[in-house]
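For reference, the structure discussed in these notes is given below.
The values are calculated or read from the model by the stated rules, or taken from the named source; none is laboratory data. Fair warning: this is a prediction, and the values are worked out from it, not measured in the lab. All Cβ positions, glycine included, derive from the backbone under ideal geometry; neighbour counts span all protein chains shown. Heads up: the accessible areas ignore ligands, DNA and RNA and are worked out on the full protein's heavy atoms, side chains in. Shrake-Rupley method; radii C 1.70, N 1.55, O 1.52, S 1.80 Å.
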2 protein chains.
Amino acid sequence: MAERRGRPVGATGPVVRRTLHLLDAFSPERTALSLSELARKAGLPTSTAYRMLGDLVAWGALERGEDGAYRVGLRLWELAALAPRGLGLRERALPTMEDLSAVTRENVQLAIREGTEAVFVERIAGTGAVPVRTRVGGRFAMTATGVGLVLLAHAPSAVQDDVLGEEIPRFTDLTVTDPAALRRMLAETRACGYSVSDRQVTDDALSVAAPVHDHRGEVVAAVSLVVRHGSATPSSLSALVRAGGRAISRALAEP
Amino acid sequence: MAERRGRPVGATGPVVRRTLHLLDAFSPERTALSLSELARKAGLPTSTAYRMLGDLVAWGALERGEDGAYRVGLRLWELAALAPRGLGLRERALPTMEDLSAVTRENVQLAIREGTEAVFVERIAGTGAVPVRTRVGGRFAMTATGVGLVLLAHAPSAVQDDVLGEEIPRFTDLTVTDPAALRRMLAETRACGYSVSDRQVTDDALSVAAPVHDHRGEVVAAVSLVVRHGSATPSSLSALVRAGGRAISRALAEP
């Protein structure tokens, strides 16, 4: 039908989706991909993939190295810097995170909820601080991390039901995987204004997190301190991290 | 031709390019755009733009707010986090930049060259430090900034000719806009291993920058300290920033 008019109107959808599907092939484990790998992963003939990749490279969404491999390009990164929930949030939060880092010399993390997972938007790693499993731009289960518990505690009930209805991933012997126990932790998080993840992600890390609110009072992010287990008590960290959450909320409300 | 086969093969190019062109409408000044604004900027019928935007929203490249406006989405930001020249570089550079920030309490900046401009990949703003004009993900003329002079000094001759052949933008009375004077500054930057931008961007800022090399010895980025004019001499800052550039180069070379 559409083809008869000489302009393939009905074809934009598949092409747009196939283009985006090509980009889906990139992951933290695979940041450089060859033409044939990309074509295979996207289920496209090599010639079609080559043409689409050429357009993506011309625009700067991808870059092609001397090795022939495709990588995510700087133009995409520049565009992504305009995402309000990405770098926009991070820019507002960074001064406060640096304050927390300077006074504690520990890990400071900032995350938001994307669907049923937490996405880490910023991380300042303290020199000599306990190693953490997170990566900026990376995702993590909400049930285990301090920031995740805050985000889940303030998520819509349907999201909580989804997360707690699935199997809860276990990372250590202390990871809480019982839905009822997790619901109690979420209620406590809401009541106290902070969450505690004690060795639930790694065997030696304690994380305490607090919510970040937007100008309407909605929880849009969570900030945490992650320290070595035994080096501080949750209550001693909670005041600092709650004050940090409030400072970031205030920074977000500024014009 | 292509349409007759029932698969609009020749049409992928225009559609891919039109999709990317839609994304071009976003800028630091315009981070939220309505359907009609996007259609107009991309030169598309509203119905076509609406369909393409629907696909972009479904994938997460864009997000549509309660106000009906489109914004750059978190999925794009997650993908962009895989760009080796964006967050990848930044992750490797951040510990060193935090060291520089901690010992100086000044502004620390990291930039790369994209074509004929510098793109800021990271910035740590010192508390009480001199205000700077840069934004993470933002672009700036290479001729005026400390990091820009380093990047231009090590750019291919053709790029130098392009930049110096165009009109050089002026920001202050002290901005060097004479191509011959700039060529001397670039030669000095290469010889000394650092650049100096003294009140060339704002009336009160002094910037000293040094190169960051990849494992092959190519200059891939520049790091700078930006302080209030009069608070330190270029030579006192140069050792610190050169050591920082070397530390980041070493971090880049690690597997």
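Numerical summary
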item	result
Enumeration of residues in segment B:126-159 that are open to solvent by less than 70 Å² (accessible area, probe 1.4 Å), among the β-branched types (Val, Ile, Thr) and touching a helix residue (DSSP H, G or I) at 6+ places or on another chain (Cβ under 8 Å)	B:136, B:143, B:150, B:159
Hits in segment A:141-159 (condition: assigned to a loop (DSSP other than H, G, I, E, B) and touching a Lys or Arg at 6+ places or on another chain (Cβ under 8 Å))	A:142, A:154, A:155
Leading residue by the ranking (farthest from the other protein chains (Cβ to nearest Cβ)) among those in segment A:18-30 that are in a loop (DSSP other than H, G, I, E, B) and closer than 16 Å to residue A:139 by Cβ	A:29
Matching residues, segment A:67-118, being touching a Ser or Thr at 6+ places or on another chain (Cβ under 7 Å), more than 7 Å from chain B (Cβ to nearest Cβ) and either free of Cβ contacts under 8 Å to residues at least 24 places away in the same chain or β-branched (Val, Ile, Thr) (or both)	A:108
Pairs, first assigned by TED's automatic domain parsing to the domain that holds residue A:70 in segment A:1-29, second at pLDDT 65 or above and among the aromatic types (Phe, Trp, Tyr), C-beta under 6 Å, six or more apart	A:20/B:59
Evaluation of residue A:162 against (1) outside any loop (DSSP other than H, G, I, E, B); (2) in contact with a helix residue (DSSP H, G or I) (Cβ under 9 Å, 6 or more places away or on another chain) (one fails), failing number	(2)
Restricting segment A:31-66 to residues that are within 11 Å of chain B (Cβ to nearest Cβ) and charged (D, E, K, R), the residue that is nearest to the chain's Cα centre (by Cα)	A:63
